[in-house]
Amino acid sequence: MKLLRNSARRLVKTMLVLGFTSAMVVTPLFAQVIYTGTLADLANGGTLSIGDKTFSGFSYQASGLTSFNANNIIVTASESGGIDYLTWSGNISLVSGGFATADLLLNYVVTANPGLISMIDQRYIGSVANGSLLINETATSAGAPTAHSQLSVNDGSDPNTYPGGPFDVGENDLLSIAPPQSTLHVTKDLAFVVLSNGGSITILEVEQSFHQVPEPSAMLLGSLGAGLLVFLRTRSKATRD
């Protein structure tokens, strides 16, 4: 019996270490969950929820794009590996035989309950031919200064995700929130430019990942470990009595 209790205590200690000191490498406890809606529907007061995150206040403003239809843009809230994601998928493009510009604003509000968001990473998938794409992102909250990140894309993709790297040299695609906040108003500004001899820019996917310290999965793992430790101590005391 003593050997069993010692083995259980070692397991609990391992869970606590993983839960509180290794948030970025914790194995997901649950299978991936996905919720979706069109950008047009969400802009009419719709919301998406995943884990401890609720996404609301969706809106958009597009100008100069040759391909953009909010009814065909699918917005997805998902969780993978203990990290929550928000993704816009669809054809967003500017094609021109000469110099041309276009702009797209994507707005939303993210609320973590419970929890505090400390950083947002951004990622893009698409293609650029004889042009450029500049993405500015800002996050505001009543409890923190405005946070800002900027990513300039010449090949149409930012394959880097957090955690993991290396990240783009000279780029600032990680939006740090200091101090961390439970509610953030986020604006993404995508500026398209096709050069004078013509070209095209196409975005197929815009992704956000939301990070906390510790991550929600690590918090849950730590809580489970702490609860098991209390149970073992109570059981041990009862056995001695």
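The table that follows gives values for the structure above.
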read-out: Residue 35 versus residue 54: modelled label distance in nm, points set 7 Å from Cα along the beta carbon direction; value: 0.9 nm
read-out: Exposure proxy ranking, count of Cβ atoms within 10 Å, fewest first, for 185, 148; value: 148, 185
read-out: Distance-filtered residues of region 47-70 - backbone nitrogen under 19 Å, label point 7 angstrom along residue 130 Cα→Cβ; value: 65-67
read-out: Label-point gap, in nm, between residue 213 and residue 47 - each point 7 angstrom along Cα→Cβ; value: 2.9 nm
read-out: Residues 84, 121 arranged by fewest to most Cβ contacts within 10 Å; value: 121, 84
read-out: Highest average packing first - 60-73, 122-135, Cβ atoms within 10 Å; value: 122-135, 60-73
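Read the figures in this text as sums done on the coordinates, not as results from a lab. Here the structure is a predicted model, which is why all the values come from computation and not from measurement. Quick reminder, even Gly has a Cβ in these numbers, built from the backbone with ideal geometry, and neighbours come from all protein chains shown.
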